[in-house]
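Below: one structure, written as structure tokens.
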Amino acid sequence: ELVAHAYVNTSPAFGFSYGFSAVTRPQAGLVCLTPILPAGLTVADIYPQVTVEWNFSNGNDLLAYGQLSTSVCPAGDVAVRTFRFTGNPVTGVAASNTIGFFVSLYRR
């Protein structure tokens, strides 16, 4: 069951949002989203699905992942990590703030 859905741009700000009240980027490559959860649900009851938004993101070879650990963001928030590949040929990855993404939260 879908609980929340949003597009987060590189500002970070919501391009659109359903079921979220706030978004912050406390450090490079880390986005914290505050969901508005139905009564009785906590972040332990949901899981995120994340996809890079290519049109307004900056660069190529971009990654965005949901993170189930709740220790990197304030209590009650959902974490998303954003990275870009580095080097040519690729030699590694680096945290990046220039990646927009879609995120959906589902009830477990």
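The values are calculated or read from the model by the stated rules, or taken from the named source; none is laboratory data. Here the structure is a predicted model, which is why all the values come from computation and not from measurement. Ideal geometry is used to build each Cβ from the backbone, glycine not excepted, and the neighbour counts take in all protein chains shown. Only protein heavy atoms, including side chains, enter the accessible area calculation; ligands, DNA and RNA are left aside. Shrake-Rupley method; radii C 1.70, N 1.55, O 1.52, S 1.80 Å.
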- Restricting segment 54-108 to residues that are in contact (Cβ under 8 Å) with a residue 40 or more places away in the chain and among the aromatic types (Phe, Trp, Tyr), the one nearest to residue 30 (Cα to Cα) turns out to be 83
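Residue 80 - would you say it is touching a strand residue (DSSP E or B) at 6+ places or on another chain (Cβ under 7 Å), open to solvent by 40 Å² or more (accessible area, probe 1.4 Å) and of a type outside the set (Ser, Thr, Tyr)?
Values: touching a strand residue (DSSP E or B) at 6+ places or on another chain (Cβ under 7 Å): yes; open to solvent by 40 Å² or more (accessible area, probe 1.4 Å): no; of a type outside the set (Ser, Thr, Tyr): yes.
In short, no.
Is it the case that residue 102 is of a type in the set (A, V, I, L, M, F, W, C), under 18 Å from residue 14 (Cα atoms), open to solvent by 20 Å² or more (accessible area, probe 1.4 Å) and not in a strand (DSSP E or B)? Full working, then the answer.
On the way: of a type in the set (A, V, I, L, M, F, W, C): yes; under 18 Å from residue 14 (Cα atoms): yes; open to solvent by 20 Å² or more (accessible area, probe 1.4 Å): yes; not in a strand (DSSP E or B): no.
Against the criterion (of a type in the set (A, V, I, L, M, F, W, C), under 18 Å from residue 14 (Cα atoms), open to solvent by 20 Å² or more (accessible area, probe 1.4 Å) and not in a strand (DSSP E or B)), residue 102 does not qualify.
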- Task: Return only the number of the condition from (1) in contact with a Cys (Cβ under 6 Å, 6 or more places away or on another chain); (2) modelled with pLDDT under 90 that residue 88 does not satisfy.
- Result: (1)
- Residue ID - nearest to the chain's Cα centre (by Cα), chosen from residues in segment 42-54 that are surrounded by 15 or more Cβ atoms within 10 Å (Cβ to Cβ) and under 23 Å from residue 1 (Cβ atoms): 50
